[in-house]
Amino acid sequence: MQNESTPEIPLAADGRPLEQSLQRALRAQKIRAFLLVVPLLVFVLITFLAPIADMLYRAVDNRIVSETLPRTVEALSDWEESENEPPEEDVFIALYYDLFFAAENKIHTRLGSRLNYQETGMSSLFRRTGRRVDRFDTDELTDAFIDFDPRWEDPTHWITLSEHPEFANQLPETAGVWDDWTQLLIAEEDELSEEEPEDLIYFALYRDLNNIGQPVALMDNWSETVSAAQSFEPVSLREQFADADEDWLLPSVWGTIKRFSPTITDGYLLNAVDMQKTADGIEAQPESRQIYGLLFGRTLFMSLVITISSILLAYPISYFLTSLPMRKANLLLILVLLPFWTSLLVRTSAWKVLLQQQGVINDLLVWVGLVDDANRLVMMNNQTGTIIAMTHILLPFMILPMYSVMRTIPPSYVRAAKSLGATNWTAFWRVYFPQSVPGIGAGSILVFIMAIGYYITPAIVGGTEGIFISNRIAYHISSSLNWGLASALGGILLLAVVILYWLYDKFVGIDNLKLG
Amino acid sequence: MTLSKTLAAGVMTLATVGSALATDLTIVSWGGAYSESQQKAYHDPYMEMNPDINIINDESSAEAVAKLRAMNEAGNVTWDLVDVVASDALRLCDEGLAMEVDHDDVLAPAPDGTDASDDFGDLIVSDCFIPQIVYSTTVGYRSDAVGDNPPTDICAIFDTETYPGKRSLEKRPINNMEWALLCDGVPKDEVYDVLETNAGQERALAKLDTIKDDVIWWSAGADTPQLLADGEVIMGSTYNGRLFSLIVEQNQPVEMLWDAQVFDLDGWIIPAGLPDERVEEVLDYLYFATDTQRLADQAKYISYGPARESSAPLVGKHAELGIEMAPHMPTDPNNSKNTFLYNYEFWADYRDDIDAKFQAWLVR
């Protein structure tokens, strides 16, 4: 009574405020419920979301260039393609080191294939040069070192050098190459003290000795070695590369490497929307290569046509099924489901037999006399074929949700409307139809989304005009191995579906969707 | 607890028994008549000689490149030996998905002692590739639809006036672009120089444009034989072995054109990253399956030419039909008066670019 400012708080049995206690009990319940779904969640994450995320990431992933050619990518940062000159000698030297180790690890051709997606000819450029890179004329320097002091031929001599504490400071390039060399031998399980060092190590030593400032004696006889090395005949790697393949003198080759050196690229995504990354920035692909915009548009348009024709066919069937007694309706429903038990490939091939120019339908029409034998109808290897076959294949996915929604509409509503004076049409249109819309919506979303991703049926009956974007995705996955482009196309398709779903939700409302 | 232990023990016993009985060798190939010819010429005799080896056939060669890459990324390669066309072998080798082999080391020499690499010669187009057969992509035509004026020239494909009707061509630029240029007047030895340029590619597409409305594009080797048999097309390109079985085994009124046939190769690759003991088993099989006699034996069942020079004289009669096989081989002098060899290096470089243009042209 005295303390009016604090209202009385209801307490639970244990003396805590009731609200807290309730919340605690609810939280425990929620955690228990959550724990129950954890296995399913983990399963979905691992088997569904993770692979999709991994696949989508490939659309921008471009680590391969900087991982295969780390030194080159760094050296190229000072070079600009706009100068229209091949880069300086130091870039060729960096490429020499990188390509040597890439070729030893047999990953240079993989990089070649990757860059060939952007610039034709890169594939053979890397393959050919990789075959040559360990036979460059840098062996002249190797011989010069060995002539000067035969101990240089001995791997243990090199090991002693590499163990000097000033090695990396005095001879940075040699140290870097030596490091990669030892890594390579460890990976191949070879003994460091038994393998003759490769020419590029001598080359790196030669470079370091020519750039040395204040020489610290790393070994005996060191200052003589330094001055001897400074008198050796230099080897131009630019000439060596040009000799292996003169394309190395093209600025466009280096421009491609530079443009695609970041670990993340928009190259695939641009490609998927008919754009490309050139020396002058982002621009449209030449008209002779534009295809994806057209295919995306066609995929959406044809999926829409297929969805609409499914609605037109499925609505009367479902309406008819609901008007039948349960037993008969179930029997007919089995007929609807029957095609499901046949392989998709068989059903599509059956359409081929029916639709082709020497096929059953044409034969029949010619026999009846409706069509002249010389002018048989072309019903497949075009859009018509794809639309007919896919409408047939996807029809059950439209009938089932429609039927289950219509079943729940009480017939008394229509009767009531009629008894109040509505005509048949008004009763149907104003009373029955609005109640069946959720079924149409569910069926349409199902059919449309399935249609958008179809590729077997279009590939068989679609010819050239009736193919979908998924046919190109399949091609890039299984044939051209351009998985980056495939996942970029797939990502865009996914985005398109999500946007359409959002539009549907906005205009029709997703609550207005019933699967039964 | 006890139950699961018993089960586990049982499974383990089974596994040991299984491995003691036979080692599985998973060999991937194309399926159909082709796999059958390999079964009879290679697998059966090999298993007879090595009762502890069990060969499992997997018919995935058409998707081999993509599947091998996926397996490689997952770090679990389940295939031991894969039959692929040479261009795929080149790509698999480039991608590091196939093992490089020293041909003289792992393959049998010819009976006269010639090294394997000399016996196969130029057909070893990649360090990873072990050639097996020479096949060709050539044109077949309905002999009942051409009257008494049968085509003798590849350019009949483009001659819709003399030979009206649909023709079937493969839904890819390779071969079609070359034929188009040939028939547009480009000399044979300049075809690839022309095709390298933008103008040359446009020229080839322009030539193909003249018959675009008359073409049914195929993507499976079985399509053209079916289209020819149904009378849907008057002529069409496909692999010569498919036409052989259509003509000789199914007695259809179809003839081979052979002119400007494009030679291609098919052979084995060993997936990269197999453990040593599996590589050893595979190499033992390979040594047997690619020797001179075995390659000649395969030609008894299918009309593809053996890849070894030393096998050619041993090619005999068809195992069931008893007809002489030599005249049906793409390499037979009568058939190979005018031939083309698939240019692997060219297509490895230009495939991505020209395919993009070809497909864009196709859907327009």
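Can you compute the modelled spin-label distance between A:Glu287 and A:Asn382, with each label point 7 Å from Cα toward Cβ, in nm?
A separation of 2.4 nm, rounded to one decimal place.
For the stretch A:25-55 and the stretch A:197-241, what is the separation of their C-alpha centers, rounded to whole Å?
Each part's Cα centre sits 61 Å from the other's.
Tell me, what is the FRET efficiency for A:Thr423 and A:Phe320 to the nearest 0.05, using R0 = 25 angstrom and their Cβ-Cβ distance as r?
Values: r = 21 Å, r/R0 = 0.83.
It comes out at approximately 0.75.
For A:Ala496 paired with A:Gln20, estimate the spin-label separation in nm (one decimal), with each label point 7 Å from Cα along the Cα-to-Cβ line.
Taking the simple label geometry, A:Ala496 and A:Gln20 are separated by 5.8 nm.
Which residues in the stretch B:253-291 place their backbone N less than 15 Å from a point set 7 Å from the Cα of A:Leu184 along the Cα-to-Cβ direction?
Counting only backbone N, you get no residues.
Scan around B:Ser168 for amide H atoms under 5 Å from its own, H built in the peptide plane at 1.01 Å from N, and keep only partners 5 or more places away or cross-chain.
Hits under the 5 Å cutoff: B:Ile216, B:Met235, B:Gly236, B:Ser237.
Compute the distance in nm between two label points, each set 7 Å from the Cα along the Cα-to-Cβ direction, one at A:Arg128 and one at A:His164.
For A:Arg128 paired with A:His164, the spin-label model returns 4.1 nm.
Pop out the ³J(HN,Hα) list for the stretch B:261-271 in order, Karplus 6.51 cos²θ - 1.76 cosθ + 1.60 with θ = phi - 60°, rounded to Hz; leave Gly and Pro as x.
4, 9, 6, 9, 10, 9, x, 9, 10, 9, x
Please get the size of the charge dipole for chain A, origin at its Cα centre, with Cβ charges of +1 on Lys and Arg and -1 on Asp and Glu, quoted in debye to the nearest 20.
Details: 36 positive and 62 negative charges, 1518 e Å.
Taking the Cα centre of chain A as origin, the dipole is about 7280 debye.
Would you mind checking the pairs A:Lys277/B:Lys357; A:Lys352/B:Lys67; B:Lys188/B:Lys337; B:Lys207/B:Lys357; B:Lys40/B:Lys171 and listing those with alpha carbons more than 23 angstrom apart?
Beyond 23 Å: A:Lys352/B:Lys67; B:Lys40/B:Lys171.
Which helices of chain B meet both criteria: a Cα extent of 24 Å or more along the helical axis and a mean Kyte-Doolittle score no lower than 0.5, with helices taken as whole DSSP H segments?
B:2-21
Report, by chain and number, residues whose modeled amide H sits under 5 Å from the one on A:Asn482, excluding near sequence neighbours (fewer than 5 apart, same chain).
Those lying under 5 Å, H to H, from A:Asn482: there are none.
Take each of the peptides A:143-154, A:269-280, average the number of other beta-carbon atoms within 10 Å over its residues, and list them starting from the highest.
Working: A:143-154: 15.2, A:269-280: 17.3.
Descending packing order for the listed peptides: A:269-280, A:143-154.
Mind checking which of B:Val84, B:Val146, B:Val215 has the largest fluctuation in a GNM of chain B, springs on alpha carbons under 10 Å?
Greatest mean-square fluctuation among the candidates belongs to B:Val146.
Apply the membrane-span-like helix rule to chain A: whole DSSP H runs, Cα extent along the own long axis of at least 30 Å, mean Kyte-Doolittle hydropathy at least -0.5. List the helices found.
On the way: long enough: A:18-44 (38 Å, 0.93); A:292-323 (46 Å, 1.38); A:383-407 (34 Å, 1.07); A:483-507 (36 Å, 1.54).
Going by DSSP H runs, the hits are A:18-44, A:292-323, A:383-407, A:483-507.
Amide H neighbours of B:Leu341 under 5 Å, counting only residues 5+ apart in sequence or on other chains, H built in-plane at 1.01 Å?
Under 5 Å from the amide H of B:Leu341 lie the amide H atoms of B:Phe263, each far enough along the sequence or on another chain.
Test of understanding: ordering A:Ile499, B:Ile302 by Cβ neighbours within 10 Å, fewest first, what list do you get? Walk me through the numbers on the way to the answer.
Working: A:Ile499 10, B:Ile302 26.
Result, fewest neighbours first: A:Ile499, B:Ile302.
Less than 16 Å apart at the alpha-carbon level, and either on another chain or at least 8 residues along: which aspartates and glutamates does that give for B:Lys166?
Candidates past the 8-residue exclusion: A:Asp373, B:Asp144, B:Asp209, B:Asp213, B:Asp214, B:Asp223, B:Asp230, B:Glu232.
Out of all DSSP beta bridges in the protein assembly as shown, what portion is antiparallel? Express it as a percent rounded to 5.
Values: 29 of 46 bridges.
Counting DSSP beta bridges with both partners in the protein assembly as shown, the antiparallel share is about 65 percent.
In a solvent-free Debye calculation with one equal scatterer on each Cα, what is log10 I(q)/I(0) for the protein assembly as shown at q = 0.04, 0.06 Å⁻¹, listed in the order of the q values?
Results for the protein assembly as shown at q = 0.04, 0.06 Å⁻¹ read -0.27, -0.58.
Taking only C-alpha pairs under 8 Å that are 6+ residues apart, what is the relative contact order of chain A in percent? Can you show the working numbers first?
On the way: 555 pairs, mean separation 82.4, N = 516.
Once divided by the residue count of chain A, the mean separation gives 16 percent.
Viscosity 0.692 mPa s, temperature 37 °C: what is the translational diffusion coefficient of the stretch A:292-512 from Stokes-Einstein with a Kirkwood Rh over Cα pairs, rounded to a whole number of µm²/s? Working shown, then result.
Working: Rh = 19.6 Å.
Result for D is 167 µm²/s.
In the calculated pair distance distribution of chain B, what percentage of Cα-Cα distances lie above 28 Å?
Working: 32244 of 66066 pairs.
The answer is 49 percent, as a whole percent.
Using each residue's phi in the stretch A:68-73, evaluate 6.51 cos²θ - 1.76 cosθ + 1.60 at θ = phi - 60° and report the 3J(HN,Hα) Karplus result to the nearest Hz, with x for Gly and Pro.
7, 10, x, 5, 4, 4
Kirkwood hydrodynamic radius for the stretch A:14-57: how many Å is it when counted over pairs of different Cα atoms?
Numbers: mean 1/r = 0.0775 Å⁻¹.
After inverting the mean inverse Cα-Cα distance, the result is 12.9 Å.
Can you tell me the length gained on complete extension of the stretch A:Lys106 to A:Glu196, counting 0.36 nm per residue apart and subtracting the Cα distance? Mind dumping the intermediate values first?
Details: separation 90, 0.36 × 90 = 32.40 nm, distance 2.01 nm.
Fully extending the segment from A:Lys106 to A:Glu196 adds 30.4 nm.
Given the options B:Val106, B:Val134, B:Val254, state which has the largest fluctuation in a GNM of chain B using a 10 Å cut-off (strictly under) for Cα springs.
It is B:Val106.
Can you work out the Karplus-derived ³J(HN,Hα) for every residue in the stretch A:189-195? Use 6.51 cos²θ - 1.76 cosθ + 1.60 with θ = phi - 60°, whole Hz, and x for glycine or proline.
Whole-Hz 3J(HN,Hα) from phi for the stretch A:189-195: 6, 9, 8, 4, 7, 10, 8.
Relative to the Cα centre, what is the charge dipole magnitude of the protein assembly as shown, using +1 at the beta carbon of each Lys and Arg, -1 at the beta carbon of each Asp and Glu, and rounding to the nearest 20 debye? Mind dumping the intermediate values first?
Working: 60 positive and 126 negative charges, 1852 e Å.
I would put it at about 8900 debye.
Taking N as the number of residues in the stretch A:138-234, what is its alpha-carbon radius of gyration divided by 2.2 N^0.38 Å?
Numbers: Rg = 12.6 Å, N = 97, 2.2 N^0.38 = 12.5 Å.
Rg over 2.2 N^0.38 Å, computed on Cα atoms: 1.01.
Please tell me the relative contact order of the stretch B:199-283 in percent, rounded to the nearest whole number, where contacts are Cα pairs under 8 Å and at least six residues apart.
Values: 25 pairs, mean separation 13.0, N = 85.
Relative contact order comes out at 15 percent.
Counting other beta carbons within 10 Å of each residue's own, what order do B:Asp115, A:Asp245 fall into, fewest first?
Sorted ascending by nearby Cβ count, the order is B:Asp115, A:Asp245.
Size of the dipole of chain B about the Cα centre, Lys and Arg at +1 and Asp and Glu at -1 on the beta carbon, nothing else charged, in debye to 20?
1160 debye
Coordinate-derived values only; no laboratory data. As the structure is a prediction and not an experimental result, all values here were calculated from the model. Here the Cβ is made from the backbone with ideal geometry for all residues, glycine too, and neighbour counts use every protein chain on show.
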